[in-house]
Every structure is written in C-alpha cells, then in structure tokens.
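Peer 1: Got a structure here, written out as structure tokens. Questions coming.
The values are calculated or read from the model by the stated rules, or taken from the named source; none is laboratory data. Nothing here was measured: the structure is a model prediction, and the numbers come from that model. Here the Cβ positions follow ideal geometry from the backbone for every residue, glycine too, while neighbour counts run over all protein chains shown. Only protein heavy atoms, including side chains, enter the accessible area calculation; ligands, DNA and RNA are left aside. Shrake-Rupley method; radii C 1.70, N 1.55, O 1.52, S 1.80 Å.
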Amino acid sequence: AIRSALCWPRGRSAAVRHFRGRAGWRAGGGMVKKALCVGCNYPSKKFGLSGAVNDAFLLADCLQRSCGFCPDDICVLHDVLPGQAKSSERLVDPSRRPTRANIVQRLQGLVRSARPGDVVFFSFSGYGLQVDDVESYQDDGLDEAILPTDFAEGVDGDYAVLVASDIHDVLMSAPQGCTVTVVMDCDHATSVIDVSGTLDGRLVRGLNSGSACGFAMHNAKMRPAEHNRDVWLQEQGLAVHARPRFQPTVQIANPRKAKVPTRTAMPRAVPRAFCYSAARHGQTAVELQVAGRVDGRDTVQQHGMLSWCFVHALEDLRSDCTHAALLDAIAARLAGLRERHLSSIDQEVLLTFSQPLSDPRRSRVLRPDAASIASFGNFAAGGSSSSWSSPSPSFPAVVPPPPPGFLGGGGLHGDSSFASLSQTEDQQNHLATAGLQIWRAAWAGVAEGAREEDSPADVTERVTP
C-alpha cells in the first residue's frame, strides 16, 4: 500500500495541484504536513547501494505512522522496489525515479505549495560527493553535491549532479512561518541549510577560507576531504556489508549550468529550517545490515545509519521532542550500532539550522512553530493544534521619516554637501511621508498611496505629512 500511495502524479503542474487542488486539503485554513523522500540505489552501476531505497520508505512510513503526515502528502522517489533485487528497476514508473529533473521538480512543487504554518520534510539517501568546478577561480574550493540515479546522463559527458547550494536555494524559498526539516543520509551534505547555524556557534568543519585586504573570509565551498577506508573494508565491516555513501571528487565545467530558477527575488525572511547531515567533513557515512521488523516479522535489512537512527530515536521520544533532544537520541542510537556492529564507524551526525529564527533547543521536531504562526494568524475555532486560521497581512517595521531639517538643513555633522538645495524642508518631509505611504500600500497589495500615472508632485499633494 505504501509503495503505491506515497507518490505524486506525473509532471510538475500535477505535483503542485496534488497539494493545492485536493478537496478539503486545507479546510478552514489548516496547516498541512508534506514530505519528499528520495532513495538512490543506482541499480545499473557496479558500485550501487542496497539500503538507500529502504531508507526512503522507512522514513515515509515513520512520517505516516508517528508524525501525522497523510499518505497523499508524502512522495517517495526510488529506482528499485524496497527490499527487491536490482532487476526490479524496470518495474518503477519513470516519473517516480530519482532523476535530477524529477528531484528538482518535486522539491520545487513541495516548497511552492507550502503556506505559513505548514511543515515540510525532505530526505535524500544515496551518494554525496565533492565537485571541482573547473570554470571557477583556482583554489576557490569544492562544491558539495548529491548524485541522482541518472548522474551518468549529464551534459557534454559531465556528471549530472545536484549541488548543495541549489538545494539550499529551493528549500530556503519556503514562506516565512513554514518549518523545514531535512535529512541528508549521505556524505558531503553539511552546507545545505546554513554553515554558521550550529549548536556550538562555530562554522561547520572543512569550509574553504582565505583572506582579502587583511580580513579573514570564507564561502560555502569546502576543502578536499579524505576518507578512512578501514571504516568499511575491515573484516567487521565486510561481515555487516558496510558500504560508504560517497563517491570520489569529480571535475565538472560549471556544475550549476542546469540550475532551475527558484525565486524571482531574495525573500525578506527565511523559514525555520533544520538539517541532519549523516557525517561531518572528513568522516564517512555508511550503510550496513541491521535487524528490524517488517510486517510483524523479524528480518535483516540494509539501511543508512542516519535514517535508521533518526526513525528509532524519534519513536523512542514518541515523536514529541526538540531538535536538540532528537540529536542526542540519534547519537545514543549510533553509539549502540558502533558497539554492536561496527566499531570503526567514525561518523557523527551534524545538526545545522537557519539563523536567526531557528532555535533547536525550543523548536519541536516536525511540528508547526507556535511563535511563527502567531505572527500570521491565531488558532482557528476550537483551538486544535492541527488547525490554524488563515494568515492576515501585517506590516513589517519600517524606518521612520527623517527628522525635520535633516535633508535640507546642515545634513549629517553640519555638512551641507548632501543636502537637497532645490527643495524646502516641508517639501522634503512631504516626499518622505509619501514614500512610506506608497511602500506600505505596495506591501499590502493595495495601491492607496499612488497611481501608476501619478508624478511625485501629484503624490505629494495628496499625502498629508
């Protein structure tokens, strides 16, 4: 049932309509929880994985059973059937395969359909890698990227990768008041949300840094990472079928050349966003065989460590916890796996979050943020935690008009070189007030202050200072 239900219809417009056009999908202005889970096993490649698709369905099942997600609002992209052989690739609908185009299309549909108060979840299980952009400046650093299932079908013989900065642009275009949670069960995915948003207040490890004009600086690109092969190639690792979730660094001419536009302008605010990355810079995210129960039967399945620990830690906390508490529970679960199955595991789960609104010590996992919702609307009638009233527009704080005489008198520090000598003090105050009126009217979507054909003089005559 999960295999057939947890998927969107074909095409981007259909994906957006799936959220916007379902009867009663937002009755009474209520919030909605929506998810996109991606698993890439790469069945056509010799170096494919075995547990990434299992991760995607495990997370989707957890969201449905324990976190209040409706099956119709969860999409799973996968390149084989869960728990089946590589030959099951031919049974997967092409519109549900985790190709680069499908991932971007579904992720954009997920974010564009979100409204203030909604909860958005995105997960990726597969290979991560570092990309050397051969068209960038020398020593500029390496891009972090993920590998879709059709990576070998890139333009001009290059890999078709999805750069972390592109994922960041899509996710951070979610509306203010929306809560975004990301699980990246792969290597090289520490810069998806915010490289400065960490619990210890430091930048994420491995950022490329330099200096200019005597000032230290950094960008979102990384230094080359080295992985310890003994983590998965020792005898204990071979016994549990441990596999790393990274690929070697590749050189690509402009890896963002297939970038899809995500927004028309920079947003005034960002959503509350949290990202769980499977490993830090220089560590190795692995998948291995773990015991579990499927349909009431004990079985052994291949899973990524982050996905498996995320689900079981969330269930241990009864799906009611802060992000900081969940991170501690994930670390405890990971320590147990290290002790029982593979002592060489060196990965540490990294939690990053968007600044300055996100607070991992107060925000509840996969819950709408009450403080954020309060700024957009109050509880709907009945006050239930799953139903919210429609948001009402509110004006942001604005800079007040300048004091009398500031523009026409002595200016700043008595310097008249910045003063407008062609206007009197009253005219300048009139224009300043008129500008604020027009700005507020545009923000509210009502042209109260001016008409298109008006000149500044007409506006000044109509507006009372």
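Peer 1: Given R₀ = 35 Å, what would the calculated FRET efficiency be for Lys45 paired with Ala325, taking r from the Cβ atoms and rounding to 0.05? Before the final figure, lay out the partial values.
Peer 2: Values: r = 38 Å, r/R0 = 1.10.
It comes to 0.35.
Peer 1: Another question, then. Working out 0.36 nm times the residue gap between Leu203 and Asp140, then minus their Cα-Cα distance, what length gain in nm do you get to one decimal? Present the calculation step by step, with values, prior to reporting the outcome.
Peer 2: Details: separation 63, 0.36 × 63 = 22.68 nm, distance 1.76 nm.
Computed gain between Leu203 and Asp140 is 20.9 nm.
Peer 1: Can you send over the solvent-accessible area of Leu63, 1.4 Å probe, protein chains only, in Å² to the nearest 10?
Peer 2: Here the accessible area works out near 0 Å².
Peer 1: Using a 1.4 Å probe on the protein heavy atoms, what percent of the accessible area of segment 33-373 belongs to carbon and sulfur?
Peer 2: 48 percent
Peer 1: Per-residue accessible area for Arg96 at 1.4 Å probe radius, Å² rounded to 10?
Peer 2: My reading of the accessible area for Arg96 is about 70 Å².
Peer 1: While we're looking at this one, here's another question. Once you order the gyration tensor axes a ≥ b ≥ c over the Cα atoms, which shape class does segment 79-198 get: rounded for a/c under 1.5, otherwise prolate or oblate by comparing a/b with b/c?
Peer 2: In terms of gyration-tensor shape, oblate.
Peer 1: Go through Lys33, Lys86 and list them by solvent-accessible area, largest first, probe radius 1.4 Å. List each step's numbers first, then the result.
Peer 2: Working: Lys33 30, Lys86 95 Å².
The ordering from most to least exposed comes out as Lys86, Lys33.
Peer 1: Another question, if that's okay. What shape does segment 33-373 have by the C-alpha gyration tensor, where a ≥ b ≥ c are the square roots of the eigenvalues, rounded means a/c under 1.5, and otherwise prolate means a/b greater than b/c and oblate the rest?
Peer 2: Rounded, because the longest to shortest axis ratio a/c is under 1.5.
Peer 1: If you don't mind, another one. Can you bin segment 83-130 into rounded, prolate or oblate? Criterion: square roots of the alpha carbon gyration tensor eigenvalues sorted a ≥ b ≥ c, rounded for a/c under 1.5, prolate for a/b above b/c, oblate for the rest. Mind dumping the intermediate values first?
Peer 2: Details: a/c = 2.32, a/b = 1.86, b/c = 1.25.
Cα axes put segment 83-130 in the prolate bin.
Peer 1: Something else now. Note down the accessible area of His241, probe 1.4 Å, to the nearest 10 Å².
Peer 2: 90 Å²
Peer 1: Same structure again: Which peptide among 35-47, 313-325, 345-357 comes first, and what is the full order, when sorted by highest mean count of other Cβ atoms within 10 Å?
Peer 2: Top of the packing list down: 35-47, 345-357, 313-325.
Peer 1: In what sequence, largest accessible area first, do Leu337, Leu81 appear using a 1.4 Å probe?
Peer 2: Putting Leu337, Leu81 in descending order of accessible area: Leu81, Leu337.
Peer 1: Quick check for segment 33-373: number of Lys pairs with alpha-carbon distance under 20 Å, counting only pairs 8 or more apart or on different chains?
Peer 2: The number of close lysine pairs in segment 33-373 is 4.
Peer 1: Could you list which residues have their amide H under 5 Å from that of Asp150, counting only those 5 or more apart in sequence or on another chain, with H placed in the peptide plane?
Peer 2: Arg100
Peer 1: Roughly how far apart, in whole Å, are the Cα centres of segment 288-338 and segment 101-150?
Peer 2: 24 Å
Peer 1: Further question: Top to bottom by accessible area (1.4 Å), largest first, where do Arg106, Arg65, Arg100 land?
Peer 2: Values: Arg106 5, Arg65 135, Arg100 30 Å².
Result, largest first: Arg65, Arg100, Arg106.
Peer 1: Right, another one. May I ask what percent, to the nearest 5, of DSSP beta bridges between residues of segment 33-373 are antiparallel?
Peer 2: Within segment 33-373, antiparallel bridges account for around 50 percent of the total.
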